[in-house]
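The values are calculated or read from the model by the stated rules, or taken from the named source; none is laboratory data. Quick caveat: nothing in here was measured; it's all calculated off a predicted structure. Note that we place each Cβ from the backbone using ideal geometry, even for glycine, and neighbour counts take in every protein chain shown. In case anyone asks, the SASA skips ligands and DNA or RNA and just uses the protein heavy atoms, side chains included. Shrake-Rupley method; radii C 1.70, N 1.55, O 1.52, S 1.80 Å.
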Amino acid sequence: MPQLAGVLTSGFELRILRRRCDGDGRIETRHIHIEASSGDQAIAQGRFLAQAILEGWSGVAMLTNEAGALIWSTHKHMPPPTAPGII
């Protein structure tokens, strides 16, 4: 298990799919690895990043833990995700 400044951390994955609000253009995807000492900390970081990346766009953001389980998600002008990679 990785450590940050002597604190054990776990790896979380933030996946974001976004498109222009008018629906034109391609869907963009981003995958961001987040190291955090707890799920709550990872959710806080994921929420902050998702809000910034989805500003002015429609899309979904999904945060998974090391086991790949969905632990947090949000959507903006799109249906909520049912699982990672499925809209």
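Observations on the model:
- Extreme residue, farthest from His75 (Cα to Cα), among residues of the range 8-56 that are touching a residue at least 40 places away in the same chain (Cβ under 8 Å) and open to solvent by 50 Å² or more (accessible area, probe 1.4 Å): Glu13
Matching residues to (1) touching a strand residue (DSSP E or B) at 6+ places or on another chain (Cβ under 6 Å); (2) part of a strand (DSSP E or B):
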| site | (1), (2) |
| --- | --- |
| Glu13 | yes, yes |
| Asp22 | no, no |
| Ile32 | yes, yes |
| Gly46 | yes, no |
| Leu63 | yes, yes |
| Ala67 | no, no |
| Thr74 | yes, yes |
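- If the condition is being within 14 Å of Glu13 (Cα to Cα) and outside any helix (DSSP H, G or I), then the range 48-61 contributes Val60, Ala61.
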